[in-house]
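The values are calculated or read from the model by the stated rules, or taken from the named source; none is laboratory data. The shown structure was predicted, so the numbers you read here are calculated from the model rather than taken from an experiment. Positions of Cβ are generated from backbone atoms using ideal geometry, with glycine treated the same way; all protein chains shown enter the neighbour counts.
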Amino acid sequence: MKVEDFAPFLARAVQFMERVESALRQDIEQPDWNSSIAFLYRKRVSGQGYLVPVRQVGAMRLDDLLEIAIQKEKIARNTAQFVSGQTANNVLLTGARGTGKSSLVRACLNTYASQGLRLIEVDKEDLVDLPDIVDIVSQRSEKFLIFCDDLSFDQGEPGYKALKSVLDGSVSATSANVLIYATSNRRHLLPEYMAENLTYTHTDSGEVHPGEGVEEKISLSERFGLWVSFYPFTQDEYLAIVAQWLQALDVPPAHIAAARPQALVWALERGSRSGRVAWQFAKDFAGRHATGAGTHP
């Protein structure tokens with residue numbers, strides 16, 4: 001057999017090896033850290049992870065967030081400790097939707113970015129790569145918040161164990177310049193079922209102990225050192241937030257006062273008096289005011 005007869009076979013072998021190499025896990029490439037204060041972790045079709053700089057970071061400020069003074073103080077204090085090199089905790093923000101959980105994290109980023117704070121947002125599906133993400137920033141001088149928004153798990157999801165490992169500070173995952181900030185509507189991050197109440201046991205002394213399944217669900221949230229809870233706004237709190245956003249959008253005071261009944265109807269139609277609903281109403285009202293479309297008192 002002539003040598004040239006092997007050429008097609010060798011070409012196919014080379015193609016096969018290239019595919020194998022592309023499928024193997026590769027280190028995450030270092031992005032241009034000066035290009036932004038916030039980055040998104042994404043994956044290519046091949047499974048290779050990479051960081052995308054956020055070109056337009058929302059200009060949210062701590063002063064923009066009303067009616068969550070207690071929550072704001074806790075998060076700002078913890079973040080200030082972190083950027084100053086002091087000990088600080090991973091944070092789990094839980095509670096009612098639209099009450100400012102994610103906005104508070106982004107406001108802290110804007111507040112402390114000048115002191116070296118950076119944020120990397122990671123989707124739940126990509127949490128399996130947390131150790132790799134921590135590894136590429138571990139030698140950086142900046143402080144990094146790894147942010148997981150609207151976090152919850154179903155049974156058996158792979159990102160669950162990776163997150164537990166990082167929160168535990170295992171030998172392969174710990175880093176003094178990284179904290180995990182996560183928001184969730186679930187306190188324990190996993191679905192809870194009525195049947196699990198049957199697994200609780202009572203001792204002779206009257207103590208109540210959860211079953212193993214419940215203990216497993218509680219164990220993840222307990223690894224966050226700081227829990228911050230958010231609650232639905234009252235009508236007065238909601239209207240105060242509406243007024244603040246309308247003022248920020250340059251709506252005259254007389255029109256802001258006249259907007260109160262419309263703001264209440266807006267919230268009633270959506271079944272929520274959240275900060276998000278207040279912002280959405282304010283944008284609608286301010287836009288109609290600018291065009292003169294039925295906002296006059």
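The requirement of being under 18 Å from Phe144 (Cα atoms), in contact with a Leu (Cβ under 7 Å, 6 or more places away or on another chain) and touching a residue at least 12 places away in the same chain (Cβ under 8 Å) is satisfied by Ala88. Just one of the listed residues (Ala59, Ala80, Ala88) is surrounded by 18 or more Cβ atoms within 10 Å (Cβ to Cβ), more than 14 Å from the chain's Cα centre (by Cα) and small (Gly, Ala, Ser), namely Ala88.
Set side by side, the residues Ala267, Ala254, Ala286 differ, and just one is loosely packed, with under 12 Cβ neighbours inside 10 Å and more than 24 Å from Ile75 (Cβ to Cβ), which is Ala254. Among the residues of the range 37-56, just one is surrounded by 12 or more Cβ atoms within 10 Å (Cβ to Cβ) and more than 19 Å from Asp123 (Cβ to Cβ), namely Ile37. Residues that are farther than 20 Å from Glu222 by Cα and either touching a helix residue (DSSP H, G or I) at 6+ places or on another chain (Cβ under 9 Å) or outside the structural domain of Ala176 (by TED's automatic domain parsing) (or both) within the range 83-104 comprise Val83, Ser84, Gln86, Arg97, Gly98, Thr99, Gly100, Ser103, Leu104, listed in sequence order. Scanning the range 40-59 for any residue that is among the hydroxyl-bearing types (Ser, Thr, Tyr), in contact with an Asp or Glu (Cβ under 7 Å, 6 or more places away or on another chain) and in contact (Cβ under 8 Å) with a residue 24 or more places away in the chain turns up at least one such residue. Annotation: of all residues in the range 67-77 being in contact with a Phe, Trp or Tyr (Cβ under 9 Å, 6 or more places away or on another chain) and over 12 Å from Cys108 (Cβ atoms), the one that is surrounded by the most Cβ atoms within 10 Å (Cβ to Cβ) is Ile68.
Report yes if Arg55 is assigned to a loop (DSSP other than H, G, I, E, B), closer than 16 Å to Leu109 by Cβ, in contact with a Ser or Thr (Cβ under 7 Å, 6 or more places away or on another chain) and not assigned by TED's automatic domain parsing to the domain that holds Trp245, otherwise no. In short, yes. Please work out if Ala80 is of a type in the set (Gly, Ala, Ser) and either modelled with pLDDT of 95 or more or closer than 25 Å to Lys161 by Cβ (or both). Here the answer is yes, as Ala80 does meet what is asked.
The residues of the range 135-152 that are surrounded by 21 or more Cβ atoms within 10 Å (Cβ to Cβ) and among the aliphatic types (A, V, I, L, M), listed by number, are Val137, Leu145, Ile146, Leu151.
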